[in-house]
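Take a look at the structure below.
What follows draws every value from the coordinates through simple rules; no lab data is involved. Predicted, not measured: the structure shown is a model, and the values here were computed from it. Virtual Cβ from ideal backbone geometry, glycine too; neighbours counted across all protein chains shown.
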Amino acid sequence: MIKSEIIAQQLHAQPFQPFDIRTSDGRVYTVDHPDFLMRDRIGDLVYYVTDDNREIKIALSQIVSLEVTHSPRAVYIMNGYSRNE
């Protein structure tokens, strides 16, 4: 499970770097802009906005990793640790 603080760091990184959210069921959600992902107040859900403006609730307990995209060497973030691939 990814901690809420790790997602907040990705969302507020300067400059912002797009990243993928990978869930336990194998789905991948690409966050191209910080406005497309919101955290709830409690910190156990995120809301992802799709290209066609649908809102998808994702439980943090179902997120297995984050992957920074569009970089020469992708950085995978899992459980608060990163490793270069």
| field | Distance (nanometres) between label positions extended 7 Å along Cα→Cβ at THR30 and ASN53 | value | 2.2 nm
| query | By the gyration tensor of its Cα atoms, with a ≥ b ≥ c the square roots of the eigenvalues, what is the shape of region 4-77: rounded for a/c under 1.5, prolate for a/b over b/c, or oblate? | reply | rounded
